[in-house]
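**Student:** Got a structure here, written out as structure tokens. Questions coming.
The values are calculated or read from the model by the stated rules, or taken from the named source; none is laboratory data. Small disclaimer: the values here were computed from a predicted structure and weren't measured. Here the Cβ is made from the backbone with ideal geometry for all residues, glycine too, and neighbour counts use every protein chain on show.
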Amino acid sequence: MTKLWNKTNHSMHPDIEKYTSGSDYLFDNELLPFDVVASKAHVKGLQNMGILTAEELKDILGGFDALLVDYKKGNIVITPEDEDCHTVLENYLVKKLGAPGKKIHAGRSRNDQVLVALRLYMKEHLKALQEECALLAISFLSGALKYKGVPMPGYSHTQQAMLGSVGHYYSAYAESLIDDADFLGLILKHIDTNPLGSAAGFGTALPIDREYTTKELGFAGIQQNTLYCQNSRGKFESLFLEGVVQVMLTLGRFANDLILFTSQEFSFFSVDRSLTTGSSIMPQKRNLDAMELLRGNVSVVASNQLMIKDISKNLLSGYNRDLQLIKKPLMESVAIVHNSIEIVGLFLKGITPNVEKIKATITPGIFAADIANHLVKKGTPFRDAYKQALDLLADTPIDMQKNLASKKTLGAPGNLQIEVLRKRMREPL
């Protein structure tokens, strides 16, 4: 495969070729469709400035479409010898069209090619993750409505603290996911700028119309300074992964809760057997391996974000080959978060609260703060009520439903305001 930079049939040492390719070609297989989208906009711009004729543009666009058909059929797979998706794309067109294919790289570099392809990749996944977070939040809110009257102990320092409900617990995760979706939207707004036309970081003497390609690609704006386009590589990917990390933090906490709450000692929830694995030596075991892996994957994604920061920090301004290495942590994390959201959705459908078991675990001390608050309402100073509450526990009958209903603070078990959370997602109750 002819490399785009090879001017004199230069022969590269096979070990150098292997080392510089690394695993990058695997991730360029995923990036290729985005490179095609960006390349279509670029060649339309070339035709606008007279570098391509209308007939050449038509042939090239047809060639891109044919490439995508072959790609979807599995006929195009990038190999280490190909170097990257940009090389495959251009060589495909040259082989298919001849001279017109050799014209498509005018006014651009592989540096701004990969920038714009990654930017489009991140935009697509940010939008998809927003939608997935919202749908999962709706599932949690449905459970919150269904189980808002089911008492459940709330914990502080891993000790029973005050009475909550399964609905209150579910609602907490719904709001967390809604916040995550909002944060992803802010990240999308920040990175929604077009780097195409920055070339190798220093622009080009060709009259590239960056406003045209910005509109053609659907970016909200232009990343103006051509050097900053290159310097933002790593910064934007790191910010993107910060949004992914926030989603994983939400999912990971739920996974950790579920591992504990489904244990024999707690048994707050029953789990559909199809969601569990077994032991090769202990016949009775039913393990939540998926939740344990999800919990571990939070660390994987957080580490991937740190990897991107470490790779891209303190580099000289402009493009550096080190930046090739950020594709792996970026795309690995994207796959993990999409899969993790799906797995949590499956578990939400496959778990059922064990109502009587939960009630049986609730200890009398969990109502001490409520007794103190009752005394405060009658005029007792809080510190005195705090000291008297434990002594009054044994003689104070507790109705759990009334106790839940009494907690009227906004967002408390007796005042979940689920309709407010639905409204944030523009989802009618």
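**Student:** When you go through (1) surrounded by fewer than 24 Cβ atoms within 10 Å (Cβ to Cβ); (2) outside the structural domain of L348 (by TED's automatic domain parsing); (3) of a type in the set (D, E, K, R) one by one for E83, which number turns out not to apply?
**Tutor:** E83 satisfies all of (1) surrounded by fewer than 24 Cβ atoms within 10 Å (Cβ to Cβ); (2) outside the structural domain of L348 (by TED's automatic domain parsing); (3) of a type in the set (D, E, K, R) except (1).
**Student:** Still on this structure, please answer the following. Looking at segment 237-258, is at least one residue of a type outside the set (S, T, N, Q), within 22 Å of R110 (Cα to Cα) and touching a Gly at 6+ places or on another chain (Cβ under 9 Å)?
**Tutor:** No, segment 237-258 contains no residue that is of a type outside the set (S, T, N, Q), within 22 Å of R110 (Cα to Cα) and touching a Gly at 6+ places or on another chain (Cβ under 9 Å).
**Student:** Let me ask another. Restricting attention to helices (runs of 4 or more DSSP H) lying wholly within segment 208-307, give those where 1 or more residues are within 24 Å of the chain's Cα centre (by Cα), surrounded by fewer than 19 Cβ atoms within 10 Å (Cβ to Cβ) and among the acidic types (D, E).
**Tutor:** Of the helices (runs of 4 or more DSSP H) lying wholly inside segment 208-307, those with at least 1 residues that are within 24 Å of the chain's Cα centre (by Cα), surrounded by fewer than 19 Cβ atoms within 10 Å (Cβ to Cβ) and among the acidic types (D, E) span 235-261.
**Student:** For segment 58-107, name all the residues that are under 30 Å from the mean Cα position of the chain (by Cα), not acidic (D, E) and not in a helix (DSSP H, G or I).
**Tutor:** G74, N75, I76, V77, I78, T79
**Student:** All but one of (1) surrounded by 18 or more Cβ atoms within 10 Å (Cβ to Cβ); (2) in contact with a Leu (Cβ under 8 Å, 6 or more places away or on another chain) hold for G318, so report the exception by its number.
**Tutor:** Every listed condition holds for G318 apart from (1).
**Student:** Just to be sure I understand the filter: pairs with C-beta atoms under 6 Å, separated by 6 or more residues or on different chains, first member in segment 205-216 and closer than 16 Å to Q113 by Cα, second member of a type in the set (A, V, I, L, M) and crowded, with 16+ Cβ neighbours inside 10 Å. Which pairs pass?
**Tutor:** Partner pairs satisfying both residue conditions: R210/I222; T213/A41; T213/L196; T214/I222; E216/A41.
**Student:** Output yes when any residue across segment 130-138 is over 27 Å from S238 (Cβ atoms) and aliphatic (A, V, I, L, M), and no when none is.
**Tutor:** yes
**Student:** I would also like to ask the following. Restricting attention to segment 361-393, which residues are in a helix (DSSP H, G or I), under 30 Å from S263 (Cβ atoms) and either small (G, A, S) or touching a residue at least 40 places away in the same chain (Cβ under 8 Å) (or both)?
**Tutor:** Listed by number, the residues that qualify are T361, G365, I366, F367, A368, A369, D370.
**Student:** Which residue is nearest to the chain's Cα centre (by Cα), if the candidates are limited to segment 133-170 and must be part of a strand (DSSP E or B) and over 16 Å from R253 (Cβ atoms)?
**Tutor:** By that ranking, first place goes to S165.
**Student:** Mind checking which pairs have a first residue in segment 180-199 that is more than 11 Å from L115 (Cα to Cα) and a second that is of a type in the set (A, V, I, L, M) and in a loop (DSSP other than H, G, I, E, B), Cβ under 7 Å, 6 or more apart or different chains?
**Tutor:** D192/A220
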